[in-house]
Amino acid sequence: MTDLSRAGVAETARLVAGGEISARGVVEQALARIETRDRGLNAISQLMVDAAIAEAQERDEALTADGPIGPLHGVPVVIKEEIDVAGTVTTFGGDANVTPAVADAEVVRRLRVAGAVIVAKTTMPEFGAFPFTESAARGVTRNPWDPSRTPGGSSGGTAVAVSAGMVPAGMGGDGGGSIRIPSASCGLFGLKPQRGRVTTAPHPHLWWALGTAGPLTRSVLDSALVYDAIRGNVEGDLYTAGGEEPFVAAAGREPGPLRIGWSVKPVTLGVRPDPVHVRAVEDTARLLGDLGHDVREIDPHYPDPTAAFVPQFFAGIRSEADQVEHFDRLERRTRETYRLGSWVTQKVIDRALRTTEQVSAKANRVFDEVDVLLTPAIAHRPPRVGRLDGVGTVRASLRAMPAIAYAALWNVAGNPAASVPCGVAADGLPVAVQLVGRTDDEATLFSLSAQLEAARPWPLLAGDA
């Protein structure tokens, strides 16, 4: 049987469509890898063995029926705990819900329509509140590059599952960097799309203007394939995005000469980037110059996003906590965060949303002079696990600052932003940079990221370096 432990989304779908391996064979391999590789990592919270095998069998029957198949046909995918999957409990990383969801979230439905097979749910910190995948209910999730280190968060379980080669792709969410931070920590490509690019149904929004769902993958093309399958809106979505170019097409074309501005200045005051990340940005800037782009250091003149971000952070957690079945089962820190956010009334939310528009306008002034902004993805090297042990909301928030120092502004502004791998540092952990694009311009980020990937290939699995 073909060994698919290193295969990505595109290759897996090609092999299944070509009859070189059955969808059931692919899924059974993925389930076996999860069983073996997740020991000691704790990426998987709910394994869907019977349902996944049955769904894979349906994919094989569809293929033998000689009808049309989707671009993800037979590809095993994992889903972050905050996203509804029919027949599983949407736990948000905790124990406060016990009743299985009766229907898939719209993004999951679209994945299935495209032919993907859902094999598991993945760990996250409760409600995705902090960029470390640690919780009282699920324990500590560990980085496959170094199990003593965090994979980041909040989509840490998904990042670990993909980086360790359990599956080719997984779904995460990003309300303050939660796709990009674990991607940077685990050596993956992770793009936060434009606000409104991906539906949040059945919910009208994810943390109001801050959050969006998206995939974590080992390659640019794989990400584009998944995004093209899930992008688009439904009635009731609070936000929508513009732009029509398929992302797969964008990933397959040259970006052309671009004006690229780089900066290592953090948005968050008091945070200093690790020298490893400064060098990564400088090295990437030189490479981009060699590739024919107009590259120069700039001052982005970042606005302060605090007044827009903080109320939506508290309101997002409070709104999700209000919907759980057993509030008393929430973590102590989550209940503290809930109490601390009691000042966030609807009037405060409305004011924060108006401030969001102002912050977005100021942040986007940088694109008057450049096409793409290059920065570090995170400020720190992935710290040791246990960052949330025994700490309350305030200390946890302070410990989160280096992780979100470059990321969270673009949740407020709404722009697409991608964590792009650029090798492995002397400490044995991955290094990444962030590329930020104009409003609605994921296409340029896909094209430029693919060019970087071709010029400077990155390790595909933890331990490849």
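The values are calculated or read from the model by the stated rules, or taken from the named source; none is laboratory data. All figures in this text were calculated on a predicted structure; none of them were measured in a lab. Cβ coordinates were reconstructed from backbone atoms using ideal geometry, including for glycine residues, and neighbour counts include every protein chain displayed. Accessible surface areas use protein heavy atoms only, side chains included; no ligands, DNA or RNA. Shrake-Rupley method; radii C 1.70, N 1.55, O 1.52, S 1.80 Å.
Residue-by-condition table, conditions (1) more than 22 Å from residue 85 (Cα to Cα); (2) open to solvent by 10 Å² or more (accessible area, probe 1.4 Å):
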site	(1), (2)
149	yes, yes
191	yes, no
228	no, yes
235	no, yes
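Within region 104-113, is there a residue that is in a loop (DSSP other than H, G, I, E, B), touching a strand residue (DSSP E or B) at 6+ places or on another chain (Cβ under 9 Å) and open to solvent by 20 Å² or more (accessible area, probe 1.4 Å)?
Initial filter on region 104-113 (in a loop (DSSP other than H, G, I, E, B)): 104-105.
Then drop every residue that is not touching a strand residue (DSSP E or B) at 6+ places or on another chain (Cβ under 9 Å), which leaves 104-105.
Remaining after also requiring open to solvent by 20 Å² or more (accessible area, probe 1.4 Å): 104.
Yes - at least one qualifying residue is present in region 104-113.
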Practice prompt. Among the residues of region 76-101, count how many are under 18 Å from the mean Cα position of the chain (by Cα) and closer than 30 Å to residue 11 by Cα.
Written response: 10
Discussion item. Exactly one of these conditions fails for residue 324: (1) open to solvent by 50 Å² or more (accessible area, probe 1.4 Å); (2) assigned to a loop (DSSP other than H, G, I, E, B). Give me its number.
Written reply: (1)
Worksheet item: Among (1) touching a helix residue (DSSP H, G or I) at 6+ places or on another chain (Cβ under 6 Å); (2) in a loop (DSSP other than H, G, I, E, B); (3) aromatic (Phe, Trp, Tyr), where does residue 343 come up short?
Response: (1)
Fill in: region 1-16, residues that are open to solvent by 80 Å² or more (accessible area, probe 1.4 Å) and among the aliphatic types (A, V, I, L, M)
1
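Kindly indicate which of 318, 387 is in contact with a strand residue (DSSP E or B) (Cβ under 9 Å, 6 or more places away or on another chain), over 24 Å from residue 435 (Cβ atoms), open to solvent by 20 Å² or more (accessible area, probe 1.4 Å) and among the charged types (D, E, K, R). Quick ask: steps written out before the conclusion?
Values: 318 fails: in contact with a strand residue (DSSP E or B) (Cβ under 9 Å, 6 or more places away or on another chain).
Exactly one of 318, 387 is in contact with a strand residue (DSSP E or B) (Cβ under 9 Å, 6 or more places away or on another chain), over 24 Å from residue 435 (Cβ atoms), open to solvent by 20 Å² or more (accessible area, probe 1.4 Å) and among the charged types (D, E, K, R), namely 387.
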Item to complete: Please specify each residue of region 368-383 satisfying the condition of being among the β-branched types (Val, Ile, Thr) and either surrounded by fewer than 23 Cβ atoms within 10 Å (Cβ to Cβ) or assigned to a loop (DSSP other than H, G, I, E, B) (or both).
Response: 370, 378
Worksheet item: Do we have any residue at all in region 90-99 that's under 20 Å from residue 212 (Cβ atoms), of a type outside the set (S, T, N, Q) and either touching a residue at least 24 places away in the same chain (Cβ under 8 Å) or open to solvent by 30 Å² or more (accessible area, probe 1.4 Å) (or both)?
Response: yes
Worksheet item: Only one of (1) under 23 Å from residue 392 (Cα atoms); (2) out of contact with any helix residue (DSSP H, G or I) (no Cβ under 8 Å at 6 or more places or on another chain); (3) touching a residue at least 60 places away in the same chain (Cβ under 8 Å) fails for residue 196. Which number is that?
Response: (1)
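Pick from 162, 119: which is of a type in the set (A, V, I, L, M, F, W, C), open to solvent by less than 10 Å² (accessible area, probe 1.4 Å) and closer than 23 Å to residue 418 by Cα?
The conditions single out 162.
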Item to complete: Could you tell me which residue of region 423-442 is farthest from residue 363 (Cα to Cα), considering only residues that are open to solvent by 10 Å² or more (accessible area, probe 1.4 Å) and touching a Phe, Trp or Tyr at 6+ places or on another chain (Cβ under 7 Å)?
Response: 428
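To keep it simple, each residue is scored yes or no on (1) at negative phi; (2) small (Gly, Ala, Ser); (3) touching a Ser or Thr at 6+ places or on another chain (Cβ under 8 Å).
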| residue | (1), (2), (3) |
| --- | --- |
| 45 | yes, yes, yes |
| 73 | yes, no, no |
| 95 | yes, no, no |
| 126 | yes, no, yes |
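Can you tell me which residue among 243, 252, 270, 261 is in contact (Cβ under 8 Å) with a residue 40 or more places away in the chain and crowded, with 19+ Cβ neighbours inside 10 Å? Spell out the reasoning first.
Working: 243 fails: crowded, with 19+ Cβ neighbours inside 10 Å; 252 fails: crowded, with 19+ Cβ neighbours inside 10 Å; 270 fails: crowded, with 19+ Cβ neighbours inside 10 Å.
Step by step, each of 243, 252, 270, 261 is checked, and only 261 is in contact (Cβ under 8 Å) with a residue 40 or more places away in the chain and crowded, with 19+ Cβ neighbours inside 10 Å.
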Fill in: Residues of region 47-86 that turn out to be closer than 26 Å to residue 211 by Cα and either at pLDDT below 95 or among the small types (Gly, Ala, Ser) (or both), as a count
1
Practice prompt. Would you mind finding the one in 396, 400, 417 that is touching a Leu at 6+ places or on another chain (Cβ under 8 Å) and over 27 Å from residue 438 (Cβ atoms)?
Written response: 396
Worksheet item: What are the residues in region 52-71 that are polar (S, T, N, Q) and either assigned to a loop (DSSP other than H, G, I, E, B) or closer than 25 Å to residue 121 by Cα (or both), if any?
Response: 57
Worksheet item: In this structure, does residue 55 turn out to be of a type in the set (D, E, K, R), over 28 Å from residue 151 (Cα atoms) and in contact with a Ser or Thr (Cβ under 8 Å, 6 or more places away or on another chain)?
Response: no
